[in-house]
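The structure under discussion appears below in the form of structure tokens.
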Amino acid sequence: MLSSTADHLYWMARYTERAENTARMLDVQIQAALLPQSAQAMERGWRAMLSISELDHAFEQRYPKLTPRDVLDFMARDSDNPSSIASCLRIARENARAVRGTLTTEVWETINTTWLGLLPQLQNQLWMHDSGRFFEWVKHRSHLSHGVIVGTMLRDEAFYFLNLGTFLERADNTARLLDVKFHEAGNGHDEDAGDAQAAGLESTHDYYYWSAILRSLSAFENYRKAYRDAVTPARVAELLILNPDMPRSLLTCMNEVMTNLRHVRSDASAETERFAGKLHAQLSFDRVEDILEQGMHAYLTRFLEQAYDLGNRLSHDFMVPLAA
């Protein structure tokens, strides 16, 4: 496969996944903002949305003061923000159009219809009046794209590069969300895994807080099936990092990355596969107690750095290299 084709497929999948992840985070934040809380706590929650995507500086350059409406507009509609939902779906469609002949008709029509359906919603501001329905629509279109890819694409290199993009982006988002939320919950005390976390203590606020994180990753019902009792930070971390049966956990994502990487391996990618294998092995044998002991922030920061490095290695070995 041409490196440019692999590049377009990989980024088409990543941007589709990124749009869905952004919709998930914003939807849960809107629900969390309805809970009783101080103005400072509410502002921290909205700033966390920007921090997860590393958009703090870009937002501050555009807006003199943070308001929920401006954050929503910036992360959902703003075409100058490359990580907004609108930008992600536009870039995904541009990448799909560049490799139209590699995709099935159903995949192309799904991606194209998503973009065409987005435009009128953004132009008449309907999405702002019923943002929950809009975010559900974005998630549904992303799920539809994934389903059509699985249901119609030949299991060849194109399919594997699409999966590489999807699961590496998903892992990155899960890690960012956990990192920011653990910091926000403990105001930094997650570095030493405080006694309250270790004991699994729960207040009403904690319950809604951690439940919101689980819902943002479609994991609340799965948590109840796995643990059947109180929602605690340690178990949230265990489910979303180490559980191989949780679709959005870091371990599940790396299982998929390894599987698809083996299908496209080449002589030039041996070192990349070894690097990915080390990251996968670490997740496979880690325990949540050890992660909390060393500090959640340190652990997730290291994972994000390694995931970023892995993305660069994939780009160098198979695709159009990223600009220096």
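Worth pointing out:
- With helices as the sole contributors, the chain gives -24000 deg cm²/dmol at 222 nm; each DSSP H run of n ≥ 4 counts as -39500 (n - 2.57), and the sum is divided by every residue.
- Cα gyration tensor shape of the chain, rounded if a/c is under 1.5, else prolate or oblate by comparing a/b with b/c: oblate
- Residues of segment 1-31 with an amide N closer than 13 Å to a point placed 7 Å from the Cα of Leu154 along the Cα-to-Cβ direction: 1.
- Ile30/Asp309 FRET efficiency (R0 51 Å; Cβ-Cβ; nearest 0.05): 0.90
- Taking the Cα centre of the chain as reference, the dipole from Cβ charges on Lys and Arg (+1) and Asp and Glu (-1) amounts to some 900 debye.
- Legend: residue pairs Lys139/Lys181; Lys65/Lys139; Lys181/Lys225, Cα-Cα distance threshold 25 Å; pairs beyond threshold, Lys65/Lys139.
- Coil-residue trypsin sites (Lys or Arg not before Pro) of segment 1-102, DSSP, other Cβ within 10 Å capped at 14: Lys65, Arg100
- Taking the number of Cβ atoms within 10 Å of each Cβ as an exposure proxy, the fewest-first ranking of Asp309, Asp7, Asp286 is Asp309, Asp286, Asp7.
- Space enclosed by the convex hull of the alpha-carbon atoms of segment 54-175, per residue, Å³: 118
- Summary of packing: across the peptides 50-57, 118-125, the per-residue average of other C-beta atoms within 10 Å ranks them, highest first, as 50-57, 118-125.
- The GNM of the chain, with springs linking C-alpha atoms under 10 angstrom apart, assigns the highest mean-square fluctuation among Arg215, Arg248, Arg302 to Arg302.
No value in this document is a laboratory result; all are computed from the given coordinates. What you see is a predicted model, and the numbers here were worked out from it, not measured in a lab. Ideal geometry is used to build each Cβ from the backbone, glycine not excepted, and the neighbour counts take in all protein chains shown.
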